[in-house]
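A short worksheet on the structure shown next.
The values are calculated or read from the model by the stated rules, or taken from the named source; none is laboratory data. Model, not experiment: these values are computed from the prediction. Cβ placement follows ideal geometry from the backbone for every residue including glycine, while neighbour counts extend to all protein chains displayed. Quick note on the areas: whole protein, heavy atoms, side chains included, nothing else; ligands and nucleic acids left out. Shrake-Rupley method; radii C 1.70, N 1.55, O 1.52, S 1.80 Å.
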Amino acid sequence: MNMSVVAPLLQVNAARRQNWMPVWVRGHARLLAVVALLLLLAVIGSFFNARFRDVGNFQNVYEQSVGLALVSLGQTAVILTGGIDLSVGSLISLLSVLTSGLIDGHPERVAVVIGGVLLLGLLIGMLNGLLTIWLGVHPLIVTLGTGAILQGITLLYSSDAAGSVPPGFEDFAYGRIWGLPVGASLTLLFFLLAAFVLRRTRHGRYVYAVGGDPHAAALLGLPVRRVLVVAYGFCGLCAAVTALYVVSRFGVGQPYTGANYTLASITPVVIGGTVLAGGRGGVIGTLLGVYLIALLNNLLNFMDVSSHYQLVIQGLVVVVAVSSFTNSHAKRS
């Protein structure tokens, strides 16, 4: 039989085979796969070690994932626009040493310093967006450069742990309201608000349109530049909140405390189904990706796997996640 006739028939048969799945399942296949992996890890860990299935252990995983979740939330907003922010780690380092250094144990300075750090994170993030627009250079290059500058400023300010914070400052990491952890509960609230903005507001629709095709979005008259600046500003703000959380957790800011957050913040975004090219994905997938990484690390700790091997495993997870998503997207196309 002629192949020009056979090929369309095969495509039709493939489409029919996919139609047995409900529309909702096909639309959320990626999220369901992450949930299935979470359950699989929980089951494997429960058989491996009795302490793993303890409720307190899952609660620790939930609370310890706050820092990664916050910075990944901002990274998701940028990646949805088709960009990326490699300066978040250096920004966290700078803002953490500024927080503890400026407070320096004085409770009366806490409110002013928190406000200043949040504003500085927002402005530096917006500057990343503006530089990307003005220079016309890929954001990877721009944020790599600003990240190096920020790390240099951090070391100029302090090459070691700086200052201190009063005991009450640690409530962000260890405090509870009505029995619920403050940091983890606020993080969950931030994700829900971000999901609402992305799915239910005009600005959210602009974000997906700009990420999908910025040239088409500009031709349609959408505020492309404003969307980019807001996304990078939000990412900087999330990095600032992460810095405050890190200081509240460890009681002091370190000049390299954010080093691991740069690439780590991209991992859950990719695992959660957000496309690195922009325009597809969402923050709920990122949150599930954060919990998947946190639970995987927790299981590896119970298995006494060194942190070096954990990085290797995380890298393999990212490669597998990206390749599987790319292949599935190519098949659908």
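Look at SER164 and say whether it is small (Gly, Ala, Ser), in a loop (DSSP other than H, G, I, E, B) and surrounded by fewer than 13 Cβ atoms within 10 Å (Cβ to Cβ). No: the conditions fail for SER164. Any residue in region 105-129 that is farther than 24 Å from LEU140 by Cα sitting within a Cβ distance under 7 Å of a residue that is open to solvent by 60 Å² or more (accessible area, probe 1.4 Å) and not charged (D, E, K, R)? List the pairs, counting only those 6 or more apart or interchain. Short answer, once both residue conditions are applied: ARG109/LEU102; VAL113/LEU102. Could you check, for region 233-255, whether at least one of its residues is open to solvent by 20 Å² or more (accessible area, probe 1.4 Å), polar (S, T, N, Q), within 17 Å of LEU70 (Cβ to Cβ) and touching a residue at least 24 places away in the same chain (Cβ under 8 Å)? No - not one qualifying residue is present in region 233-255.
Of the residues that make up region 109-117, is at least one open to solvent by less than 70 Å² (accessible area, probe 1.4 Å), touching a strand residue (DSSP E or B) at 6+ places or on another chain (Cβ under 9 Å) and assigned to a helix (DSSP H, G or I)? Within region 109-117 (the criterion being open to solvent by less than 70 Å² (accessible area, probe 1.4 Å), touching a strand residue (DSSP E or B) at 6+ places or on another chain (Cβ under 9 Å) and assigned to a helix (DSSP H, G or I)), the answer is no, since none of the residues qualifies. Between GLY125, GLY183, GLY129, the distinction of being closer than 22 Å to ARG226 by Cβ, under 17 Å from the mean Cα position of the chain (by Cα), part of a helix (DSSP H, G or I) and not aliphatic (A, V, I, L, M) belongs to GLY125 only.
Every condition in (1) farther than 23 Å from LEU288 by Cα; (2) not in a helix (DSSP H, G or I) is met by VAL230 except one, and the failing one is (2).
Against the condition in a loop (DSSP other than H, G, I, E, B) and either surrounded by 13 or more Cβ atoms within 10 Å (Cβ to Cβ) or in contact with an Asp or Glu (Cβ under 9 Å, 6 or more places away or on another chain) (or both), how does VAL142 come out, does it pass? No, not satisfied.
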